[in-house]
1. From the residues in region 173-230 that are over 26 Å from residue 94 (Cβ atoms) and modelled with pLDDT under 90, which one is surrounded by the most Cβ atoms within 10 Å (Cβ to Cβ)?
2. Anything in region 153-171 that is under 30 Å from residue 214 (Cα atoms), free of Cβ contacts under 8 Å to residues at least 40 places away in the same chain and part of a loop (DSSP other than H, G, I, E, B)? List them, or say none.
3. Given the criterion without any contact (Cβ under 8 Å) to a residue 24 or more places away in the chain and over 22 Å from residue 190 (Cβ atoms), identify the matching residue among 82, 57.
4. Among the residues of region 182-195, write down those that are more than 19 Å from residue 217 (Cβ to Cβ) and under 15 Å from the mean Cα position of the chain (by Cα).
5. Please pick out the residue among 117, 98 that is assigned by TED's automatic domain parsing to the domain that holds residue 179, assigned to a loop (DSSP other than H, G, I, E, B) and within 17 Å of residue 212 (Cα to Cα).
6. Of the residues 138, 151, only one is in the same structural domain as residue 207 (by TED's automatic domain parsing), within 20 Å of the chain's Cα centre (by Cα) and over 15 Å from residue 218 (Cα atoms); which?
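The values are calculated or read from the model by the stated rules, or taken from the named source; none is laboratory data. As the structure is a computational prediction, the values presented were derived from the model and not from experiment. With ideal geometry, Cβ positions are generated from the backbone for all residues, glycine too; neighbour counts draw on all protein chains shown.
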């Protein structure tokens, strides 16, 4: 999900301030509390903001849209150190925070995209079918004879009016032996697809609100929670 700057919340910041201070005291920190400064206080936050603005104006830093680990329950981004990565092999049900039923993962689902102007279809196999609402392309291996005639053509999204998906050749991403050999690309919601989207100049379409519900880019499924599409 795309990164964003959260609005200031003084009540939350004060709670964090007191929690950190209490932890330091319980750890036996021998500190000069008269010189205490909290990094999220208005004064220091203003100094940080000013520094970042100056760095940006001097060309030392830049602003860009990137993928982050977004927690819909906590409504915040998590660093790589705060996100646990788990390899799932086969059909697995996992509890998702804020959702009262376990959600199925690790199962390949197949569906077809119609090739524009023809009766031909290309079949996709994915473990994340719900993200197809954010698809902006389809990747095949350049050496795969099954799909070579489709490279450069476009598929039509079945649910999102006017959305067309270019079919691109990508030897880096696609394994001809896995699934159907055709990979859906959702650049705004997957790290591998993000890199493929940059390589092929695809659209980056975010389909999620902060709370995990679908936004207007999801067409008729707007305001549905994404887990309910499974």
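1. Applying the filter and picking the extreme gives 219.
2. Initially, region 153-171 is screened for residues under 30 Å from residue 214 (Cα atoms), giving 153-170.
Those still in the list that are free of Cβ contacts under 8 Å to residues at least 40 places away in the same chain too: 153-154, 162-163, 166, 168-170.
Of everything in region 153-171, those that are under 30 Å from residue 214 (Cα atoms), free of Cβ contacts under 8 Å to residues at least 40 places away in the same chain and part of a loop (DSSP other than H, G, I, E, B) turn out to be 153, 162, 163, 170.
3. Numbers: 82 fails: over 22 Å from residue 190 (Cβ atoms).
Selected residue: 57, the only one of 82, 57 that is without any contact (Cβ under 8 Å) to a residue 24 or more places away in the chain and over 22 Å from residue 190 (Cβ atoms).
4. Our first condition is that a residue be more than 19 Å from residue 217 (Cβ to Cβ); within region 182-195, this holds for 182-183, 191-192, 195.
Within region 182-195, 191, 192, 195 qualify.
5. On the way: 117 fails: within 17 Å of residue 212 (Cα to Cα).
So the residue among 117, 98 that is assigned by TED's automatic domain parsing to the domain that holds residue 179, assigned to a loop (DSSP other than H, G, I, E, B) and within 17 Å of residue 212 (Cα to Cα) is 98.
6. Working: 151 fails: within 20 Å of the chain's Cα centre (by Cα).
When all the criteria are applied, what remains is 138.
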